[in-house]
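The values are calculated or read from the model by the stated rules, or taken from the named source; none is laboratory data. Please read these numbers as outputs of a predicted model, since none were measured by experiment. Cβ sites come from the backbone with ideal geometry, for glycine too, and all protein chains shown count toward neighbours.
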Amino acid sequence: MLRLVGAALLVAGPAMAGFLAAQRLARRPRVLRELMRALEQMEREITFRLTPLPQLFTALSQLYKGPVGELFAQCVEGLNALGALPVAEIWRDALRTADLDLDERSLRALQELGDVLGQYDEQGLHTALKRAGAELEAAAELAELERERKGRMDQVLGLTAGAFLAILLI
């Protein structure tokens, strides 16, 4: 009986690691698409309603949960101390601390967006929002392909490694 429990634990450990890896792969495209929706909403609010950044970031932090909401909540906290840092620096700090799981190109596009935030150049902001959205769209599609390709493999490899260990040690 004890050997059976040990074998089950040996199978469960690597299997859990495989399922967690697959879950991380599934999380990334979801976060990227949510961030794209938030940027689209930012664009609409800034272009049509001329919503001030503190109010916009507060609304977005309440609307979105998880890493995207955390990004905007960190921006709100930074804007509360606006005299200390420029908006671009607040945005960069929020990007660093939020767990968005971005690739280098997407991160660079969002940092460039931060350089334009808080300035009065509406055309530049519109262009930066469109560029960041396009980069996030491309990253989401790549992440979705990676999830499809590697997600099932991670699960199967975890189960197989656990079964192999159990057979080897029993």
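Just a few scattered comments:
- Selection count, region 118-140, where residues are exposed (fewer than 14 other Cβ atoms within 10 Å of the Cβ) and not in a helix (DSSP H, G or I): 3
- Long-range neighbours under 6 Å by Cβ, at least six apart or interchain, first residue loosely packed, with under 13 Cβ neighbours inside 10 Å within region 141-170, second aliphatic (A, V, I, L, M): I170/A7
- All positions within region 27-65 that are farther than 12 Å from G133 by Cβ, surrounded by 16 or more Cβ atoms within 10 Å (Cβ to Cβ) and among the hydrophobic types (A, V, I, L, M, F, W, C): V31, I46, L53, L56, F57, A59, L60
- Among residues of region 40-65, those that are assigned to a loop (DSSP other than H, G, I, E, B) and more than 19 Å from L136 (Cα to Cα), counted: 3
- A single entry from G158, G114, G151, G162 fulfils the requirement of being closer than 30 Å to W91 by Cβ, in contact with a helix residue (DSSP H, G or I) (Cβ under 6 Å, 6 or more places away or on another chain) and either part of a helix (DSSP H, G or I) or at pLDDT 85 or above (or both): G114.
- A138 being at pLDDT 85 or above and more than 29 Å from P52 (Cβ to Cβ): yes
- Scanning region 91-110 for residues being surrounded by fewer than 16 Cβ atoms within 10 Å (Cβ to Cβ) and part of a helix (DSSP H, G or I) gives a total of 5.
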